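So the structure is just underneath, and the comments pick up after that.
The values are calculated or read from the model by the stated rules, or taken from the named source; none is laboratory data. Since the structure is predicted, the reported quantities are computational estimates derived from the model, not experimental observations. Here the Cβ positions follow ideal geometry from the backbone for every residue, glycine too, while neighbour counts run over all protein chains shown. Note: areas computed on protein heavy atoms with side chains; ligands, DNA, RNA excluded. Shrake-Rupley method; radii C 1.70, N 1.55, O 1.52, S 1.80 Å.
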Amino acid sequence: MSNELTLATLGAGCFWCTEAVFQRIPGVHKVTSGYTGGKTENPTYDDICTGKTQHAEVAKLIFDSRVISYEELLDHFWQMHDPTTLNRQGADTGTQYRSAIFTHSNEQLEQARQSKEKWDRSGHFNSPIVTEITPAEHFYPAEGYHQNYFDTNPQVGYCQFVIQPKIEKIDRLLKSNKC
């Protein structure tokens, strides 16, 4: 990876939502849905759904740091989900849906901690942020049918009623320059 292309791994609930939002952010080159943060090797979606793997559903991003900084990516992250709920996003419940930042360097670790503190103090949320911040471990790509899910399944109810509003919110924020 070049000096400009950088890795970020973020869990904001269902990876379909996380993937769909970050695919639309300028400077993000590639988004891969997958699993990390647990101990089970080569987990499947069925394994993850048991809640016994300790893995989170995440999106691994490759982004151009000349276009968008890690801090700016985190600003999007905080606004695209509710980081104050433990192991839940909307109707999706379980440890696999936890809010998590998996860092790839000491610099990212420090930036993530500072960003969390900034957003916790901002008054944007009514409750304290519970997002886990931990060094990234092995990433396991999700099965092929999970990749690019929103764009290939826009007619599915979950896409229309859960993912589409998140995309519209980020679009509004990008247009108003509040991200």
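Looking across region 15-39, just one residue is in contact with a helix residue (DSSP H, G or I) (Cβ under 7 Å, 6 or more places away or on another chain), under 21 Å from GLN54 (Cβ atoms) and open to solvent by 10 Å² or more (accessible area, probe 1.4 Å), and that is TRP16. The set of residues in region 40-60 being open to solvent by less than 20 Å² (accessible area, probe 1.4 Å) and in contact with a Lys or Arg (Cβ under 6 Å, 6 or more places away or on another chain) consists of ALA56 alone. For region 99-128, the set of residues classified as under 15 Å from HIS76 (Cα atoms), outside any helix (DSSP H, G or I), of a type outside the set (Phe, Trp, Tyr) and open to solvent by less than 70 Å² (accessible area, probe 1.4 Å) consists of SER99, ALA100, ILE101, SER122, listed by residue number. Against the definition (surrounded by fewer than 16 Cβ atoms within 10 Å (Cβ to Cβ) and in contact (Cβ under 8 Å) with a residue 12 or more places away in the chain), how does ASP171 come out, yes or no? Here the answer is yes, as ASP171 does meet what is asked.
Candidates ARG24, ARG66: the one that is at pLDDT 95 or above, basic (Lys, Arg), in a loop (DSSP other than H, G, I, E, B) and within 17 Å of ILE170 (Cβ to Cβ) is ARG24.
Among residues of region 145-163 being without any contact (Cβ under 8 Å) to a residue 40 or more places away in the chain and open to solvent by 60 Å² or more (accessible area, probe 1.4 Å), the one that is farthest from the chain's Cα centre (by Cα) is GLN155. Only one of the numbered conditions (1) crowded, with 23+ Cβ neighbours inside 10 Å; (2) more than 27 Å from LEU174 (Cα to Cα); (3) in contact with a Phe, Trp or Tyr (Cβ under 7 Å, 6 or more places away or on another chain) is violated by GLN96, and that is (3). Among the residues of region 88-145, those that are of a type in the set (A, V, I, L, M) and at pLDDT 95 or above comprise ALA100, ILE101, LEU109, ALA112, ILE129, VAL130, ILE133, ALA136, ALA142. So in region 1-14, with the set limited to residues that are open to solvent by less than 50 Å² (accessible area, probe 1.4 Å) and of a type outside the set (Ser, Thr, Tyr), which one is farthest from GLU107 (Cα to Cα)? Checking each candidate, the answer is CYS14.
When TYR70, TYR140, TYR45 are screened for being out of contact with any Ser or Thr (no Cβ under 8 Å at 6 or more places or on another chain) and aromatic (Phe, Trp, Tyr), only TYR45 passes.
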